[in-house]
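The values are calculated or read from the model by the stated rules, or taken from the named source; none is laboratory data. Just so it is clear, the structure is predicted and the values come from calculations on it, not from any experiment. Quick reminder, even Gly has a Cβ in these numbers, built from the backbone with ideal geometry, and neighbours come from all protein chains shown. Just the protein is used for accessible areas: all its heavy atoms, side chains included, with ligands, DNA and RNA removed. Shrake-Rupley method; radii C 1.70, N 1.55, O 1.52, S 1.80 Å.
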Amino acid sequence: MSARTTTTVPLERVTFTSQRAFDDVVAGIYQGIGRPDLGAFLHDLAAAKDFGQYRRIVEDAVGPSDLMRFLELDEGAALAINPEITAFRLVRIIAGNPLTMSEMSRYVPDAGSYAPVTILVHQAPDGVRVGYDTVTSALRPYGDERALAVAAELDRKVLVLLDAATTG
């Protein structure tokens, strides 16, 4: 027997529009995000003997924004291959910090659905747009002030990063 519940999660999307070149915006994002070899990183985490060692491995992997890249998806490739679509560049960067995720999830386990975060970069007619759904908005329905405080700090770091990447 199982029970099913539905929680409505209204998201707050922050969008930056930049006149910088697409590649420059993406490079600006990566200036603040660590890009470790993910296989080696995960291996090292699994081999950690205690939380102190685990923390040091994560701290060595993140960039100045306290985030690291987990995955980059070139979603524009699917647009480019379809002759019925006018292609444009579209990249999804999945970034986060396992320590931040664990701090939020200890209070609200569903926070694991929102961390790592997604940063969506796309070429639009009016410039390069960078979109981010705030974790604070995603966790607000759960009502835990401790998780919301961690989410607010995460959002602050991401928004500072995106502002810098889009303004140069």
### Message
Looking at (1) within 22 Å of Asp163 (Cα to Cα); (2) at pLDDT 95 or above; (3) among the small types (Gly, Ala, Ser), which one does Ser105 not meet, given that it meets all the others?
### Response
(1)
### Message
Given the criteria surrounded by fewer than 13 Cβ atoms within 10 Å (Cβ to Cβ), of a type outside the set (Lys, Arg) and at pLDDT 95 or above, does Thr134 qualify?
### Response
no
### Message
Being modelled with pLDDT of 95 or more and either in contact with a strand residue (DSSP E or B) (Cβ under 7 Å, 6 or more places away or on another chain) or of a type outside the set (Gly, Ala, Ser) (or both) is true for just one of Val9, Val14. Which residue is that?
### Response
Val14
### Query
Within segment 13-21, is even one residue open to solvent by less than 30 Å² (accessible area, probe 1.4 Å) and touching an Asp or Glu at 6+ places or on another chain (Cβ under 9 Å)?
yes
#### Entry: Condition check for Phe51: under 27 Å from Val121 (Cβ atoms) and among the aromatic types (Phe, Trp, Tyr)
no
### Task
Please enumerate the residues belonging to segment 143-168 that are under 18 Å from Pro10 (Cα atoms), crowded, with 16+ Cβ neighbours inside 10 Å and either among the small types (Gly, Ala, Ser) or at pLDDT below 95 (or both).
Ala147, Ala151
